[in-house]
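Here the structure comes first, spelled out in structure tokens, and everything after it is commentary.
The values are calculated or read from the model by the stated rules, or taken from the named source; none is laboratory data. Note that the coordinates shown come from a computational prediction; the quantities given were computed from them, not determined experimentally. Here Cβ is always computed from backbone atoms with ideal geometry, including for glycine, and neighbour counts include all displayed protein chains. Remember, those area values only see protein heavy atoms, side chains included, never the ligands or the DNA or RNA. Shrake-Rupley method; radii C 1.70, N 1.55, O 1.52, S 1.80 Å.
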Amino acid sequence: MMAIGAILFALLLALLFVSFLKQLWSRRHLPPGHLALPLIGTTWIDGVWLRKDYFQKPEKRYGNICSIWVGSHLLVVLSGFKTVKEAMTSFPEEFSPRMEDAFLTAIGKGKGILLSNGHTWKEQRHFIITTLRKLGLGKKSFEHQLEDRAQALVEMFRQTKGEPFDPSFPVLNAISNVIFALSFGGQLAPEDENFKKLVQAIHVIVDVTGDTYHLLYSLVPQILKYLPGPHQKALAAIETIISFVEQEIEKHKETSSSHEPQDFIDHYLLQIEKSKNDPNSTYEEENLAHCILDFFVAGIDTSFATLTWNLLLLSTHLHIQEKVQKEIEDVFGLSGSISYQDRKKLPYTNAVIHEMQRVKYVMLFGAPRQSAKDVKFRGYLIPKGSIIIADMRSVLFDPELWETPEEFNPNHFLDKDGKFLDRKEFLPFGMGERVCVGQQLARTEIFIFLTSLLRAFSFRLPEGVKELNEEPIVKVTMHPRPYKLCAIPKQV
């Protein structure tokens, strides 16, 4: 009996060894990476928990193009500016599809813009870019709307009367109402139940996406879709937002005028009517609902994280805050409006805003893509279906490009004469065909909100607080840990 057991054990070892040799042979042309074990891939050494430095170890060991295996899924990680730029410009079509897995499919259903591909993605993207322009993005009329919301935020800060407070909630309300106004032409007050439900839903979606339960769901969806857990809360949160948007669509169908569309829903409903005889059209109410879902999740969360990081940094680097305020006051005084175009008159302020986005990059890494076909890159094979991770964090912290990559240093964006440097390595919004469609909106609102706040207040840490914890809460987006500051009103 023992002999039979020994023989079976030896056969098992032989089979594993043969399997290992076959794996090495089949993967000999792939980018280098850690040894991938059956079922778990390289997670035995890389881990499954998200970390700010998740890709740093394999990048340091294997170079600017390396492989990571999550189960049977191959992730090809591209790092450093030269590598990312070369890959994305050499293979724009091949690397344009969004990553597809069971969890993202359950969330996005291939609709909208963020998680769609092919004809749907191209048509929705074109429509969104065109419609944002029609709604005034890039024009004075839209900036005036942002100024109104910035002043509402100033008033919420003023109500704190210089006492310590958490800025996150008023900031979230201000950022959210920019997206709400574009989407359905309305605003939601902080005490509105719908606002609370939407904010909570967005938080749940961001919290789960990219985390361990996302990974587990993608590996064994047939099992996880029937089991309780955070993934179920995320799917329920999606339905909460979609249900709210569907109600807004019905309201617009009853009241909107096709001759004078006022918001994104109006424009989209008009486009559905125009395209109803086109058999290839992807304009439909389900796509409309998912486009607005994407606005809420991507447009609100990233700008919210950016602005809360900005206030934290300015509160802890008073000499930089004071220099920005002096530049604004010297050029514009303490009253009157400042437009986005005026950033050209404020080189130091512009440099500080860019540097804050660099040093506190709000994404864990660039949004994943998926290779549409086999690609040969730098002598390596990237097979069709591989998940492409352009590690934008490695670009924004590349020691070959930035003098002090880990430090908050506005001089990264200034020349020797103090003029603003528009650096091609600054890629917080991604690059290639999937570059963020809301890039101009985000840039404009952050500039107007920050300049409005800095003209009205000086930001200080509460008495007795010497420093704030700058280690982020690590999810797909990187938020600061809860903190308090004091908004000291300035004398006009």
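Contact order for the chain, expressed relative to its length and based on alpha carbon pairs under 8 Å spaced 6+ residues apart, stands at 23 percent. Legend: P(r) of the chain from all alpha carbon pair distances, 20 Å bins from 0, whole percents, reading 21, 53, 23, 3, 0. In segment 208-307, carbon and sulfur make up what percent of the accessible area (probe 1.4 Å)? Looking at segment 208-307 in its full context, I get 52 percent from C and S.
Computed log10 I(q)/I(0) for segment 269-314 at 0.23, 0.26, 0.33 Å⁻¹: -0.79, -0.88, -1.05, from the Debye equation with unit scatterers placed on every C-alpha and solvent omitted. What the phi angles of segment 373-387 give under the Karplus curve with 6.51, -1.76 and 1.60, with θ = phi - 60°, is a coupling list of 7, 4, 9, 9, 9, 6, x, 9, 8, 10, x, 4, x, 5, 7 Hz, glycine and proline written as x.
Net length available on complete extension from HIS259 to ASP192 is 21.0 nm, with 0.36 nm assigned per residue and the Cα-Cα distance removed. Size of segment 113-206 from its Cα atoms: along the principal axes, largest to smallest, the extents are 52, 35, 20 Å. Scoring 358-366, 318-326, 101-109 by mean Cβ neighbours within 10 Å over their residues and listing the highest first yields 358-366, 101-109, 318-326. The value for segment 193-264 of Rg(Cα) / (2.2 N^0.38 Å) is 1.47. For segment 134-193, the fraction of 1.4 Å probe accessible surface lying on carbon and sulfur atoms is 51 percent. Across segment 138-284, the fraction of Cα-Cα pairs farther apart than 19 Å, rounded to a whole number, is 67%. Full extension of the chain between LYS161 and ALA102 gives 16.3 nm of extra length, using 0.36 nm per residue less the Cα-Cα distance.
Measuring max minus min along each principal axis, the C-alpha atoms of segment 317-357 give extents of 26, 19, 12 Å (largest first).
The distance separating the Cα centre of segment 144-207 from that of segment 234-307 comes to 20 Å. Here the accessible area of segment 74-131 is 58 percent carbon and sulfur, with a 1.4 angstrom probe and all protein chains present.
The convex hull of the Cα atoms of segment 349-391, projected and averaged over all directions, covers 4.3 nm².
The overall shape of segment 348-439 is prolate: from the C-alpha gyration tensor, with semi-axes ordered a ≥ b ≥ c, the ratio a/c is 1.5 or greater and a/b exceeds b/c. Remark: the chain carries 48 Å² of accessible area per residue (probe radius 1.4 Å; ligands, DNA and RNA excluded).
Between helix 140-158 and the chain there is an angle of about 80 degrees, using the helix long axis and the longest principal axis of the Cα atoms.
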